[in-house]
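Participant: Questions regarding the structure given below will be posed in turn.
The values are calculated or read from the model by the stated rules, or taken from the named source; none is laboratory data. Because the structure is predicted, anything quoted here is derived from the model rather than measured. Cβ atoms come from the backbone with ideal geometry, glycine included; neighbour counts cover every protein chain shown.
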Amino acid sequence: MSRDNLKNITLTVLLMAVFIFSYLYTKKDRNYHAFSQTVQTPSGEKRFSDITNGKPSLLYFGFLNCPDACPTTFSMMSRVFKELGPGDLDKFNFIFIDLDPERDTMERLVNYSSYFHPKILPVVVPLKDLDAFTRFFGIAFMKVKLESTMSYTIDHSVDVVVLSKEGKFLELLHHDAPKTVVLKRIKDLIK
């Protein structure tokens, strides 16, 4: 057997192993539906579908100890919200899904999010369901150990997920999108 044939066989076996692992890893989540998930809100436990409540929704996944992406996104969104009329603010949801339920309490999430704008609704997904919930929306996150008193941080997707009033994925608003672009997109969404 030639060296090239051996390489091809090895690569084929490796690819098959990756596909099998991927299939088995995601198989348990194929019947998962995030809108049926019970989550914690400032007013108690609710089904996620009751929070979105037939309105277009913007979802942001982050955590309180995030050093840059989360406060930058919330600050920009706060400036956008201030340019919308009170009636417009009622036409959509902005939901902050916490990625660090081991450290972040609802009380701290409420204080943090209200500092930026009262429109931001913090939500905590049970830790055991968080992987499936984030995958449902195409969000990646990973706990990363640190050599500090924090002991770990969370690396995560930083774009805002935009959902239609029916809960269908529409697009991602990029983390570094200018305020004018985000404002226009929200206005188009709530027409």
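Participant: Looking only at segment 148-168, decide whether some residue is out of contact with any His (no Cβ under 6 Å at 6 or more places or on another chain), modelled with pLDDT of 95 or more, more than 20 Å from CYS70 (Cβ to Cβ) and in a strand (DSSP E or B).
Facilitator: There is no residue in segment 148-168 that is out of contact with any His (no Cβ under 6 Å at 6 or more places or on another chain), modelled with pLDDT of 95 or more, more than 20 Å from CYS70 (Cβ to Cβ) and in a strand (DSSP E or B).
Participant: A further question follows. When you check ILE20 against the structure, is it surrounded by fewer than 16 Cβ atoms within 10 Å (Cβ to Cβ), over 21 Å from the mean Cα position of the chain (by Cα), modelled with pLDDT under 95 and within 29 Å of PRO126 (Cβ to Cβ), yes or no? Spell out how you get there, then give the answer.
Facilitator: Details: surrounded by fewer than 16 Cβ atoms within 10 Å (Cβ to Cβ): yes; over 21 Å from the mean Cα position of the chain (by Cα): yes; modelled with pLDDT under 95: yes; within 29 Å of PRO126 (Cβ to Cβ): yes.
Spelling it out, ILE20 is indeed surrounded by fewer than 16 Cβ atoms within 10 Å (Cβ to Cβ), over 21 Å from the mean Cα position of the chain (by Cα), modelled with pLDDT under 95 and within 29 Å of PRO126 (Cβ to Cβ).
Participant: Let me ask another. Going by what's in this entry, would SER114 be described as under 28 Å from GLU45 (Cα atoms) and polar (S, T, N, Q)?
Facilitator: Yes, satisfied.
Participant: A further question follows. What number of residues in segment 116-127 are out of contact with any strand residue (DSSP E or B) (no Cβ under 9 Å at 6 or more places or on another chain) and surrounded by 13 or more Cβ atoms within 10 Å (Cβ to Cβ)?
Facilitator: Of segment 116-127, the ones out of contact with any strand residue (DSSP E or B) (no Cβ under 9 Å at 6 or more places or on another chain) are 116, 118, 127.
Among the residues that remain, those that are also surrounded by 13 or more Cβ atoms within 10 Å (Cβ to Cβ) are: 116.
The number of residues fulfilling the criteria is 1.
Participant: Same structure again: If the requirement is being surrounded by 19 or more Cβ atoms within 10 Å (Cβ to Cβ) and at negative phi, which of these qualifies: VAL110, VAL80? Spell out the reasoning first.
Facilitator: Working: VAL110 fails: surrounded by 19 or more Cβ atoms within 10 Å (Cβ to Cβ).
The match here is VAL80.
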